[in-house]
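One structure below.
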C-alpha cells in the first residue's frame with residue numbers, strides 16, 4: 001500500500017471547494033457535550049495557571065494541514081482555545097502528512113506523519129518532553145523536531161503572544 005494515499009480514493013472533485021472540502025465523512029465534528037467539557041477543563045486549567053497540550057485525531061488549524069483533513073467545526077474548537085491563556089499546543093494526525101502552524105494566540109498546531117504512509121526502510125515517530133518553559137518535540141525518521149517556548153501572558157491584553165518572541169519554532173529534520 002506504500003505510495004498509495006488514502007486521499008486518492010475520495011470522490012469529491014468539483015463538489016467541494018476551499019475550506020468546504022473539510023466536510024468529508026471521515027472528518028466529523030466535536031459535539032456540544034464535548035465542547036462544554038473542553039471549555040470547563042480549559043477554564044479550570046487557566047485558573048490554576050497550568051499549561052495544556054490538547055490531543056485530537058483530526059486537525060484543527062487550516063494552516064497546518066490540507067483543508068480536506070480539518071474538523072468540521074474546527075473554528076468553534078479554536079475559539080474555545082482562544083478564550084484561555086493555558087493552551088500551548090494541539091497535536092493531531094489524520095492527514096498522515098507532517099504539518100505545523102502557529103496561530104495569532106501563540107498556539108502551535110502540529111500534525112504528525114502517519115506511519116502507514118512511511119516507507120518500510122524508515123520510521124516516523126516523535127517523543128515529547130515538557131519543561132518548565134517549553135515543550136520539545138523530538139522527531140525521528142520522517143518527523144520534524146520542534147521547540148515550543150511557552151508564551152508569556154500579557155495581563156493588559158487578550159492575546160498571549162509575546163511580541164518579542166520569534167514567530168516560528170526551531171525545526172530540525174532528524175534522520176535515523
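Each value in this text was obtained by applying a stated rule to the coordinates, not by laboratory testing. Please read all numbers here as calculations on a predicted model, not as lab measurements. A quick note on method: Cβ atoms are made from the backbone with ideal geometry, for glycine too, and the neighbour counts reach across all protein chains shown.
Here are the numbers:
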quantity: Estimated FRET transfer efficiency (residue 138, residue 44; beta-carbon r; R0 41 Å; 0.05); calculated: 0.85
quantity: Ranking of 61, 86 by count of other Cβ atoms within 10 Å, fewest first; calculated: 86, 61
quantity: Cα centroid separation, the stretch 76-103 to the stretch 107-133 (Å); calculated: 15
quantity: Residues 51, 85 arranged by fewest to most Cβ contacts within 10 Å; calculated: 51, 85
quantity: Proxy reagent accessibility, fewest Cβ within 10 Å first, across 147, 110; calculated: 147, 110
